[in-house]
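Visitor: Let me give you the structure first, and then I'll get to my questions.
The values are calculated or read from the model by the stated rules, or taken from the named source; none is laboratory data. Everything numeric here is computed off the predicted structure, so don't read it as measured data. As a convention, Cβ positions derive from the backbone with ideal geometry for all residues, glycine included, and neighbour counts pool all protein chains shown.
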Amino acid sequence: MALNLSAIVARHGGDPSRLVQILRDVMDAEGHVAPPVITALASTLGVSRGQVEGVVGFYSFLDSEPRGKYRVLFSDNITDELSGGHELRQRMLDAFRLELGEVSRDGLVSIGATSCTGLCDQGPAMLVNGRAIARLTPARIGAIASLIRGESPMDQWPDNLFVIDSHIERKDLLLSTPLSPGEAIDAAIARGAAATIDEIARSGLRGRGGAGFGTGQKWAACAAAHGGGPAERYVVCNADEGEPGTFKDRELFAHYTDLVLEGMTVAGFAVGAQKGLIYLRAEYPFLFAPLLAKLEERRRAGLLGRDVRGARGFDFDIELHIGAGAYVCGEESALIESLEGKRGIPRNRPPFPVTHGYKQQPTVVNNVETLAVAALIAKHGADFLRAVGTAKSSGTKVLSVSGDVARPGIYEYPFGVPVARVLEDAGARDTQAVQVGGPSGILLGANELGRRISFEDVPSAGAFMVFDTTRDMLAVVENFTRFFAHESCGFCTPCRVGTTLSAQMMKRLVAGKGSRRDMKDLAKVTQIMKASSHCGLGHTAGNPVIDALAKFRPSFDRKLRSLDVLPTFDLDEALAPAREATARDDAEAHFNEEES
Amino acid sequence: MTAKTFQMDGHDVPFEEGQSILAAALAAGSYVPYLCYHAEFKPHGSCKVCTVKVNGRTQASCTTPAREGDVVESNVDELNELRKNLVQFLFTEGNHFCPSCEASGGCALQAVGYELGMTTAHYSPLFPDRPVDASHPDVLLDFNRCILCELCVRASSLVDGKNVFSLSGRGITKHLIVNAESGKLADTTLSVEDKAMSVCPVGVILRKRRGFKAPIGERRYDAHSISEVAVAHPEDEAK
C-alpha cells in the first residue's frame, strides 16, 4: 500500500480525538478510506473498528469507497441553482455520460452534489478534490472537463480557476475600525480577566451565530465552572459556516484574520483558557494555508504561545481543525463531538459546553463574528458597541447578501436596519421574498420588507437570500427541504424521518403530483419536527415550509391536483426500467393518462 | 419524611434525586410509551416516543431529570398523537411486515403502535434496501426492522465489552453496522450469551433455530398490553 498510514497517524500524535483530521489526510492521500485502512486505523488508535467506520460514514467528504480520481461536487444551494447551477451540472454529467453521484467506469471522475459551499456571491460553484471553483460558466465547465480528460494534475490547473473574489460592499463599526495586532489583548490584560468579562457583558454583545446568547454571560459561566478553580478551559471558534446563503465568516477569516484571532485570545485570557480551537468548514480550502501562516506569524510576534504579550502565566495557543462536510456540526455540542473525532451528534443538554464541553472541560464556543466584535470591545470598551444598534441588539450585523440583487456581497449594518434598506443598497428589484438567516431562519414576503434585522424582530445568522418575482417559491422551499434531509444527523426519529418525508412531499408538489393530503401531512410533519426534535436543526427544518404555506399559499394551490388521495404510484414512471431495457422512448412506450 | 414529587396528568409522582421523569413514572405505575429507553442503560433520548410536556415545554422524558413541583403532561391527546406519528415514522422508514415477522407479539414497536391506536403507517413507505446478514452460525440479523434505538450498541459496548455493533451513515441513511472488515456478523466476537442478544426491542437480532419457539398468542404482549407489561416489570422490560 502506497499509503503511509503510520506517518499520518504520527503527525497527529496518535490521538484518537484527531480522527476526523486523520481521515481527512487519508482522503487527500488515497481518495478514499478503504475498509482495510479503517481496520488498521482502529487498531493503531485503540478504538473499535465500528467507531472509525461510523465516522467515515457520517461526513460527506469522507468515503469508504473509491470516488473518481477527480471528485467533482456541485454546490446545491438555491442561489447556485437559480444562477444555472443545475444546467451546468447537467452539461458536465452529459460530457462524461454520468448520472449524478456516479463514478465513471475508468475511475477518472465522479460528479455529485454537495450542500452550499459558501460562494453564493459568486456562484454557481463547485469543489474539485476539495478545491473551490466559483463563477462557473459553460466555458469554465468545458475547460474543467478538458483538464480532467487530459488527467492534468490539479496543481497545474490555471490559477485563475481558483480565484475567490471578495465583495465587501458596506462597512460599519466592525469592518471599519482598525486594530493593531496585540492592542485588544493588551487592553484586556490591563483591565483584568473578570473586568474584561464584565465589559463584554455590559456591551450587550450577543452571539452572532443565530441563537443570540449573551457572550459575557457565556464567558462568565465558563470562567466560573468547577468553582472557578483550575481546569483545562477551551475557547472554540465556530467557523463551520454551513447555513446556506452565509459567507461572512469566509470574508472575516480572509480579511480580518487578526481581529478574529485577537478575539479568541481575549476570550482565552478572560475565561482562563490555554487552548483555542478553530473549527473551519472544509468548503473553504483557500483559507487553510493563509490561516496557518497567520497563526505562525502571531506566535513569532508573541501574540500566541507562552506568556502572551509578556503577561506571566498567560499561555495560549490556537489549533486549526477542518470539518468534513456536515452542517449539523455548526450546532455547538455537535461541533465539540466532531472536534473530539466523533460523529457530529448533538449532545443532550444540560450539561452545557460552558461546564462540560471539549473533552468534558469548560468550553466557550463562539461564532467568528462574535469573537471579532469581542476584540474591539476589549480595546474600545462596552460603550463603543452600545452606541450602535437597538436596545436589545447592540452593535452591527454582517450580512451575506446573495440571490436576485445587482451587487451580492458582504454588507454590515447597525442592528435595526430595515430589510428594504439592504435590498435597495444591494440593487434588488421586484423582490418577491427574502430568506433571512438561511433555510432555518425566516422567509419574508414582499409585504414584510419594512421589518428590521435585530434580535427583537428578524434575527439573522447572516444569510440574506433575495428572490425576485420571476422565481418559483415552491422550488426554493423544495431546495431547502432537500438540504435538511441531506444534513439531518439522523440521531432522533422526528428529524431523521421528518426531513426526508418533507423533502419527498415537496418534490411531489413541485412536480405537480401533490394532493391536499400532502399539504396536510406536510404541515403535520413540520409540526412534529418542531415539537420533538433533539436539536435546533430539527426544530427549524420546517421553518421554510411553515412560512411558505402561510405566505405563498397560492403557489402551492396552483400546483395541487384537486384530489384528496394522492397517486404516489406513477404508472408511466413504473415503465421507465422497461423503457431503459428496451432502449425505447417512443409514445407507445409511455403510459398516456388521457387515453386510459 | 415525604419524598419529592412532581405532578403528572394530575397525580403526584415520587422520585429520587437524579431520576428521570420516565423512570420515576414507570416506577410509580404510570406508563409513558417509549422505545429506545432501557432501565439498565444511560438513556440517550433518540426515539422521542417518550416525549412529554414539562411545564408546557416538550421534552424527552427519559433524558429529563425530574424536579420537585414540575407539572408534566403525558397521557393527553396531543402527545399521544405526536407519539403515534413518531411510531408511524419508524414503520415508514424501515421494512416492517408484522404478519411474517418472528418478533410479532413480542415486538415493542408493534406493541406501542397498538397502544397508541395506530392502524396504518400513514406515510408513503420508504422501502429501504437492507440485506439480512445470516453469516453467523447462531444469529440472524434482519436490518429491515431496525429502529436505531442503539440498545445493542450500548449493551455490546458497556456490558459485553465487545463493541460488536455501531452506527454508520447519516440522516435517513443511518444504519446499524457490525464490527468487522467484512461487514459480516460471523467475523465478530458476538456470542449468544451476550447481553446484546437480549435487548433488541424489535426483530433484528434473532437466535437461529428458535423461530416460533413461543407460539403466536403466547408472546410477551399477547396477553397483556405493553402499557401493563412495562409498568409491571419496569426492570426487565425489553429483555
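Visitor: Across the range A:161-194, which residue is farthest from A:R131 (Cα to Cα) among those that are in a helix (DSSP H, G or I) and charged (D, E, K, R)?
Guide: A:R191
Visitor: I've got another one for you. Would you mind stating whether A:A42 is more than 16 Å from B:S166 (Cβ to Cβ) and either surrounded by fewer than 17 Cβ atoms within 10 Å (Cβ to Cβ) or at pLDDT 95 or above (or both)?
Guide: No; evaluated as a whole, the condition is false for this residue.
Visitor: While we're here: When the residues of the range B:66-98 are filtered to those that are part of a strand (DSSP E or B) and surrounded by fewer than 22 Cβ atoms within 10 Å (Cβ to Cβ), which remaining residue is nearest to the other protein chains (Cβ to nearest Cβ)?
Guide: B:E73
Visitor: Further question: Would you confirm whether or not the range B:170-185 contains a residue that is away from every other protein chain (no Cβ under 14 Å) and assigned to a helix (DSSP H, G or I)? Before you say what the answer is, go through the steps one by one.
Guide: Of the range B:170-185, the ones away from every other protein chain (no Cβ under 14 Å) are none.
No, that holds for no residue.
Visitor: So for the range B:117-134 (the condition being touching a Leu at 6+ places or on another chain (Cβ under 9 Å), within 10 Å of another protein chain (Cβ to nearest Cβ) and within 25 Å of B:K184 (Cα to Cα)), does at least one residue qualify?
Guide: The answer is yes, given that some residue of the range B:117-134 is touching a Leu at 6+ places or on another chain (Cβ under 9 Å), within 10 Å of another protein chain (Cβ to nearest Cβ) and within 25 Å of B:K184 (Cα to Cα).
Visitor: For residues in the range B:144-160 being away from chain A (no Cβ under 11 Å) and in contact with a strand residue (DSSP E or B) (Cβ under 6 Å, 6 or more places away or on another chain), which is nearest to B:T173 (Cα to Cα)?
Guide: This residue is B:C146.
Visitor: Is the range B:202-220 home to any residue that is at pLDDT 95 or above and within 14 Å of chain A (Cβ to nearest Cβ)?
Guide: Within the range B:202-220, one or more residues are at pLDDT 95 or above and within 14 Å of chain A (Cβ to nearest Cβ).
Visitor: Does the range A:502-523 contain at least one residue that is closer than 21 Å to A:G330 by Cβ and not assigned by TED's automatic domain parsing to the domain that holds A:N447?
Guide: Yes.
Visitor: If you go through the range B:59-85 one residue at a time, how many are free of Cβ contacts under 8 Å to residues at least 24 places away in the same chain and either farther than 12 Å from A:S532 by Cβ or of a type in the set (V, I, T) (or both)?
Guide: 1
Visitor: Among the numbered conditions (1) out of contact with any Asp or Glu (no Cβ under 9 Å at 6 or more places or on another chain); (2) over 19 Å from A:R49 (Cα atoms), tell me where B:S182 comes up short.
Guide: (2)
Visitor: Here is a follow-up. Here's a check for you: in the range A:453-481, which residue that is hydroxyl-bearing (S, T, Y) and within 29 Å of A:T390 (Cβ to Cβ) is modelled with the lowest pLDDT?
Guide: Among those residues, the one meeting the criterion is A:S460.
Visitor: Sticking with this one: Of A:F484, A:F480, A:F455, which residue is surrounded by 24 or more Cβ atoms within 10 Å (Cβ to Cβ), more than 14 Å from chain B (Cβ to nearest Cβ) and aromatic (F, W, Y)?
Guide: A:F480
Visitor: Does A:F491 satisfy the condition of being in a loop (DSSP other than H, G, I, E, B), within 14 Å of another protein chain (Cβ to nearest Cβ), touching a residue at least 40 places away in the same chain (Cβ under 8 Å) and crowded, with 18+ Cβ neighbours inside 10 Å?
Guide: Answer is yes for this residue.
Visitor: Can you tell which of A:A433, A:A475 is buried (at least 24 other Cβ atoms within 10 Å of the Cβ) and either more than 9 Å from chain B (Cβ to nearest Cβ) or hydroxyl-bearing (S, T, Y) (or both)? Step through it out loud before you land on a result.
Guide: Values: A:A475 fails: buried (at least 24 other Cβ atoms within 10 Å of the Cβ).
After applying the criteria, what remains is A:A433.
Visitor: Could you look through the range A:505-536, keep only residues that are closer than 17 Å to B:K174 by Cβ and either outside any helix (DSSP H, G or I) or at pLDDT below 95 (or both), and pick out the one that is farthest from the other protein chains (Cβ to nearest Cβ)?
Guide: This residue is A:C535.
Visitor: Just to be sure, is B:A108 in contact with a strand residue (DSSP E or B) (Cβ under 9 Å, 6 or more places away or on another chain) and in contact (Cβ under 8 Å) with a residue 40 or more places away in the chain?
Guide: Here the answer is no, as B:A108 does not meet what is asked.
Visitor: Oh, and also: Quick one: count up the residues across the range A:190-211 that are surrounded by fewer than 17 Cβ atoms within 10 Å (Cβ to Cβ) and under 25 Å from the mean Cα position of the chain (by Cα).
Guide: Counting residues in the range A:190-211 that are surrounded by fewer than 17 Cβ atoms within 10 Å (Cβ to Cβ) and under 25 Å from the mean Cα position of the chain (by Cα) gives 1.
Visitor: In addition: Is it fair to say A:K379 is in a loop (DSSP other than H, G, I, E, B) and touching a residue at least 24 places away in the same chain (Cβ under 8 Å)?
Guide: Answer is no for this residue.
Visitor: Then there's this: Quick check: anything in the range A:311-328 closer than 20 Å to A:L261 by Cβ and in a helix (DSSP H, G or I)?
Guide: no
Visitor: Right, something else. Among the numbered criteria (1) within 14 Å of chain B (Cβ to nearest Cβ); (2) in a helix (DSSP H, G or I); (3) over 19 Å from the mean Cα position of the chain (by Cα), which single criterion is violated by A:R140?
Guide: Of (1) within 14 Å of chain B (Cβ to nearest Cβ); (2) in a helix (DSSP H, G or I); (3) over 19 Å from the mean Cα position of the chain (by Cα), only one is false for A:R140: (1).
Residues checked against (1) within 12 Å of another protein chain (Cβ to nearest Cβ); (2) of a type in the set (D, E, K, R); (3) closer than 17 Å to B:V202 by Cβ:
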residue	(1), (2), (3)
B:G18	no, no, no
B:A25	no, no, no
B:K48	yes, yes, yes
B:C62	yes, no, no
